[in-house]
Amino acid sequence: MIIHRVIRKVQRFQGWFGGGAALCIIAGLYIGLIGSPPDYYQGEVVRIMYVHVPLAHTSLFAYIVLSIGSMWYLWKRDPIVDNMCHAVAAIGAIFTTLALATGMIWGKPTWNTWWTWDARLTSYTIMLMILIGYLMLRTFIDDSEKEARYAAVLAILGLVDLPIIHFSVEWWRTLHQPQSISMRGVSISSGILIPLMCMSIGMSLLFSYMLMVRTQLLYLDRLLHAKKGRLMSQFHMSKTDP
Amino acid sequence: MNFFNVIRWIVWKDLVTELRSRETISSMVFFALIVILIFSFSFSMDQQAAREVIAGIIWVAFAFTGIIGLGKSFSAELQNDCIEALQMVPESKGAIYLGKVAANFLFIFVVEILLFPMFVIFFNLDVVEEISLLLLIFFLATLGLSAVGTLFSALTVQIRAREVMLPILLLPMVVPVMIAAVEATKGALNGDPLPMYSQWLELLAIFDVIFTVVSFWMFEFVMDN
């Protein structure tokens, strides 16, 4: 139950995470959208990168948290870890969707297409499918212990699968067509790096803040259900008393 | 009952049930025939176009057919609460998993062997030289499909909306199998030299090993009620 105590202890600082996230994101957006010069190659379009790249990094981080949490749950069977996994999957799905959407908006003027079956895009989309399948699976199970166990099994299988998916998709694309579009050779200048770092830290803090709030919400929800069950049974007992 | 006896009995039980009812294999074959028919309407098939897309059609048909077989594998155990009897087997749950994988693999592989001549006839394929290689590809890909599919079949059978959830969970997971099987089949049908697509066979073999081990281990948690 050590993780339980750690989570409860960290929860106390959630306000700091939220405040820090707001500060970093506001500062990052200000420098990124107004303060920094437009990119030499991409012009004003590059500014969406300040949102897109942090979102993409954070959503990968979400999957790492999810898989570690799932393994921990199968090992220790601590319900609050399961609440955390549930929360991180939902937040990860939102971040992944937003990262894909901002990427598409960036792709339209840059690549002249909304979508291309590029290796990274494809494996990222499959990751989103697995996350959505994970969330759907959870809604279809009534028993909360079983729900946690099955969800953890699915998350671990997904974790094992992700590198294989990534490599197979990469081979598949490179065999068909040479990489037509790449960002390589474009080094990052400090004018871009500072707002990017700012937004990355901000997004990670925002992610942690959302994770804490949602974990707490699910935790309290579970307590409430347990309490409700107890009250209901007491009520029935008192009615059957003569 | 030791570990290998459990495996043998599970396979035997599934085979006998199938031989007596002939439900699974006949429905799989018939369904796949309809899929082939739909595909031949959806694409206008001249010889050249067929060469381009036939590998994809074969594997889409096989995957959908496989899902039907996999879904039936554990939903049959729900009758008379047989699944609870399986959970009470005094042996590692992995034995049940391996037995079910073997049975599912046999069903899907038999269906593929029955169906492949249909593809050869309907799409005018020339396969005489590469038939052993194609069989190897079918073997490896079907093993990968049933290794993951058996675990998800056991997992989805105990929840609501199981017919929907099995393909939703399974198909994203077996994306590597589908890509590798399609690419290798395409290579074999076009008569390319083996080194051009042997990496896909290696990928299939690696996937099979990894997922048989991981699913074997995870099956304990799925059946543990």
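How many residues does segment B:186-199 hold that are within 11 Å of chain A (Cβ to nearest Cβ) and surrounded by fewer than 20 Cβ atoms within 10 Å (Cβ to Cβ)?
Count: 2.
The rows are residues; the columns are (1) at the interface with chain A (Cβ under 10 Å from one of its Cβ atoms); (2) not in a helix (DSSP H, G or I).
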residue	(1), (2)
B:Val127	no, yes
B:Ser146	no, no
B:Ile159	yes, yes
B:Leu169	yes, no
B:Ala184	no, no
B:Leu201	no, no
B:Val214	yes, no
B:Phe219	yes, no
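Got a sec? Which of B:Leu203, B:Leu151, B:Leu169 is without any contact (Cβ under 8 Å) to a residue 40 or more places away in the chain and closer than 18 Å to A:Ile130 by Cβ?
None of the others qualify; the one that does is B:Leu169.
Is at least one residue of segment B:53-60 closer than 22 Å to B:Arg162 by Cβ, aromatic (Phe, Trp, Tyr) and within 15 Å of the chain's Cα centre (by Cα)?
No: zero hits.
Could you list, in sequence order, the residues of segment B:20-58 that are modelled with pLDDT of 90 or more, loosely packed, with under 15 Cβ neighbours inside 10 Å and of a type in the set (A, V, I, L, M)?
Listed by number, the list holds a single entry, B:Ile34.
Would you mind finding the one in A:Ile192, A:Ile130, A:Ile181, A:Ile165 that is aliphatic (A, V, I, L, M), in a helix (DSSP H, G or I) and at pLDDT below 80?
A:Ile192
Go through segment A:1-55 and give me each residue that's of a type in the set (A, V, I, L, M) and not in a helix (DSSP H, G or I).
A:Met1
Kindly evaluate B:Val60 against the criterion of being farther than 19 Å from B:Phe216 by Cβ and either assigned to a helix (DSSP H, G or I) or among the aromatic types (Phe, Trp, Tyr) (or both).
When the stated conditions are applied, B:Val60 passes them.
The values are calculated or read from the model by the stated rules, or taken from the named source; none is laboratory data. All values derive from a computational prediction rather than experimental measurement. Don't worry about glycine lacking a Cβ; one is built from the backbone with ideal geometry, like all the others, and counts go over all protein chains shown.
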